[in-house]
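Throughout, read-outs are computed from the coordinates displayed, never taken from laboratory work. The shown structure was predicted, so the numbers you read here are calculated from the model rather than taken from an experiment. Backbone-built Cβ (ideal geometry, glycine too); neighbour counts: all protein chains shown.
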Amino acid sequence: RRVTAKQVQGAIDGKENPFTRLPHSDRYHKILEARKKLPVYTQMDDFYEMYAKHQIIVVVGETGSGKTTQIPQFVVYSDMPQTKGKIVACTQPRRLATMSAAKRVADEMDVRLGKQVGYSIRFEDMTDPGTTILKYMTDGLLLREAMNDPDFERYSTIILDEAHERTVATDSLMGLLKSLVKRRKDLKIIVMSATLDALKFQKYFTIDEPAPLFKVPGRTHPVGIFYTREPEPDYVEAAIRTVIMIHRTEDPGDILVFLTGQEEIEDACRKIKIEADDLVANDPDTVGPLSCIPLYSSLPPQQQQRIFDPAPPPRVSDGPPGRKVIVSTNIAETSLTVDGVVYVVDPGFSKQKLYNPRIRVESLLVSPISKSSAQQRAGRAGRTRPGKCFRLFTEKDFMKELEEHMHPEILRCNLSSTVLDLVKVGVKDLVRFDWVDAPAPETLMRALELLNFLAALDDDGNLTPLGTKMSAFPLDPQMSKMLITSPEFDCSQEILTIVAMLSVPNFWSRPNNRRKEADIAKELLSLPDGDHLTLINVFNEYQNNLNDSKWAWNNYISARALAEAANVRAQLLRIMERLEIDLVTKSHPDQTRHYVDIRKALVCGYFMQVAHREGDKGSYLTIKDNQVVSLHPSCGLDTQPEWVLFNEFVLTTRPYIRTVTEIRPEWLLELAANYYDLKLFTDGETKRALQRVLNRLRKKQGKKNAKAAASNKKQS
Ligand code: ADP
Ligand code: MG
């Protein structure tokens, strides 16, 4: 017998919290008032009816209608995880949205975050095993859980939220769950999406008949759309201008601006603030105060919460009202809802992953959004009352240039990490895996090829013991390979530091007005042999100066990013201990020799990311793929070595390689002989250079052998 909305609403309105057995707080009742106004709340009984009848359901509803916060709670009241020992998971593609949803729902349920309601993201687990009944988590993390628990035995219901985002992890989970529901008849699946292309998911999850659709009615108000007459040459500048124009001339109501990344957003916030202050100073009687709040994924949690603060009050009691401006990445498109937004400023761009399997390059590029994204963004303006959306592009471009929908991520990214995960989960044939949209065969092939060169998969595509170890790390396969190999070079402590430092956002700070000072500070911390060695140096200096609270500030370094690196390092260290990988370091009397060892360990992971200098103009050619690249301006090498290993290929105005370290070609031939089989190289300067090295090595070896033979002869 199914639960009814009446029973559940009785419990929700009750005096005692059924999960903690404590009386409900005042704040609980206050939030409950707001929850009851959400469209989804009134449909609770329809939901329970459908949920009881079907194993898989698809939910669609406008952003802000209460899917993320309410549906998982409905499920909890029906599944009763506290009595059954199986819990409820709700996935999100983004870390920030995961944390934010968990925090909100913990407040709504009147429990402490990390207790009955928790979240789990890479390198941060805020759950309490025994107590947590509702877990928000990133889709990538749930996919990783499948490695150790392929039937998801811990869960009674799995909710895949933001399925329209079509991340590789969500797509992979859909494939796994589709086959799992046949084995686990008691497992329920809910797929939630903000856009109306739900039919695709319904058809995909067909058991006898397509999965039923639960539709949350939207309550949106009309939004007026305004285009520019001419294309805007500088969209950031245009966005700032538009915000100021709105603040000066439009009725009260908050503004949401979409930009593409942290730097751009911080920069825009600063400029908006300066211009707004000017405006207010000149005309305090008609222009109200303005607060400008950035929103992007690497923002510290306390600052994330600021987006929910109300707009500033008027300075004097009957003065002009204040206004709040939120300058956000794509995250405010569908994952996070801020109430009170009446104006949206949309330049029409976002950062998107692109993958070119031919040259094995994945990059993040600022690219035009799709029509459906533009519609979602505009929709943010009509949540509370009629709004306006200012598109900073022409109507003609909207009609003619924008694609209908974004391509799913699986068609735009490198799959090596996902393939390793899926092979570990037990997917035998990735080509015939039941994908929602299948990846390009060449992309799959590239992933299998990389994993084979790293020796994670054997020639038949089976997981090797090394591959099993590698899959235990929540890292790119190159990094885990490097970590596992590092004890052979007596430097696992150092490689651990490098990997941790590469796993956190950029920690060099370079404020606009103090660029020179920041550059000098950076140079002082840099080591000439390579950026990877610099990472170790910065981390060690940070550790040595932990009780100097000014150290990070004085050195133009983000203390938060380094604290995060220390946390990541500690977690990776635990995995290494579990796998019994030796933690070693050697204090050579000769530091240079130790650095050589560290660089050799880097080669064991990143031998496919090597470039060779061409001529003396500072340009490099990547190995095998023959892409012309330059060292990124942030690179700290003081010369231009002939052979370099790089961590990242970045495409901005031109192709760069970033985080670069000098290596010796002998190491490539010695440590990655399979990949550096010169028969597989096309003719060219790189091949000739490698051939010369090989000849030299052979000659040396020949001499050695002759010498050995001679001395053997002498002895006998
Ligand atoms: P959906 O998933 O359908 O987009 P949500 O469940 O995320 O909707 O949000 C429903 C409503 O809950 C939002 O419109 C907002 O009013 C409120 N809300 C969500 N998160 C928070 C938060 N962290 N602080 C305040 N209000 C929030
Ligand atoms: Mg949501």
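What to note about this one:
- Gyration tensor over alpha-carbon atoms, the range 543-653, equivalent ellipsoid semi-axes in Å: 30, 21, 16
- Helix 44-53 and the longest principal axis of the Cα set of the chain meet at an angle near 50°.
- Rounded, prolate or oblate (a/c below 1.5 giving rounded, otherwise prolate when a/b exceeds b/c) for the range 348-485 by Cα gyration tensor: prolate
- Ordering MET50, THR686, THR98 by Cα displacement along the dipole of the chain toward the positive end leaves THR686 in first place; charges were set at the Cβ atoms of Lys, Arg (+1) and Asp, Glu (-1).
- Packing around the peptides 304-311, 459-466, taken as the average count of other Cβ atoms within 10 Å per residue, puts them in this order, highest first: 304-311, 459-466.
- Shape of the range 527-604, Cα gyration tensor, a/c cut at 1.5: oblate
- Order by protection proxy (mean Cβ within 10 Å, highest first), peptides 701-711, 19-29, 73-83, 342-352: 342-352, 73-83, 19-29, 701-711
- Taking other C-beta atoms within 10 Å as the exposure proxy, LEU651, LEU631 rank LEU651, LEU631 from fewest upward.
- Relative to its residue count, the range 110-246 spans a Cα convex hull of 222 Å³ per residue.
- Close amide H contacts of PHE214 (hydrogens built in the peptide plane, cut-off under 5 Å, sequence separation of 5 or more or a different chain): VAL58, VAL59, VAL60.
- Entry note, the chain: relative contact order of 10 percent, from Cα contacts under 8 Å with a spacing of 6+ residues.
- Net charge dipole, the range 544-688: roughly 280 debye, given to the nearest 20, about the Cα centre with Cβ charges of +1 for Lys and Arg and -1 for Asp and Glu.
- Simple point charges give the picture: +1 on the Cβ of Lys and Arg, -1 on the Cβ of Asp and Glu, and for the chain a dipole about the Cα centre of about 1380 debye.
- Annotation: Cα Rg of the chain relative to the compact-globule expectation 2.2 N^0.38 Å equals 1.05.
- Helix-only [θ]222 nm of the chain, DSSP H runs n ≥ 4, -39500 (n - 2.57) each, per residue, nearest 500: -13000 deg cm²/dmol
- With neighbour counts taken as other beta-carbon atoms within 10 Å, the residues MET192, MET470 rank, fewest first, as MET192, MET470.
- Anisotropy class of the range 233-328 from Cα gyration tensor, a/c 1.5 cut: oblate
- For the chain, DSSP calls about 40 percent of its internal beta bridges antiparallel.
- For the range 620-670: relative contact order, % (alpha-carbon pairs under 8 angstrom, 6 or more apart): 33
- As a rough guide to protection, the peptides 523-533, 52-62, 166-176 ranked by mean Cβ packing within 10 Å, highest first, stand as 166-176, 52-62, 523-533.
- Trypsin sites (Lys or Arg not before Pro) within the range 211-272, DSSP loop, no more than 10 other Cβ atoms inside 10 Å: ARG229
- Between helix 262-282 and the chain: long-axis angle, C-alpha atoms, 0 to 90°, nearest 10: 50
- Cα lying deepest toward the dipole's positive end in the chain, options TYR606, TYR296, PHE453, charges on Cβ: PHE453
- In this label model, GLN262 and GLU145 are separated by 2.8 nm, measuring between points 7 Å along each Cα→Cβ vector.
- Label zone of VAL628 (point 7 Å out along Cα→Cβ, amide N under 14 Å): in the range 651-679 this covers 654-656.
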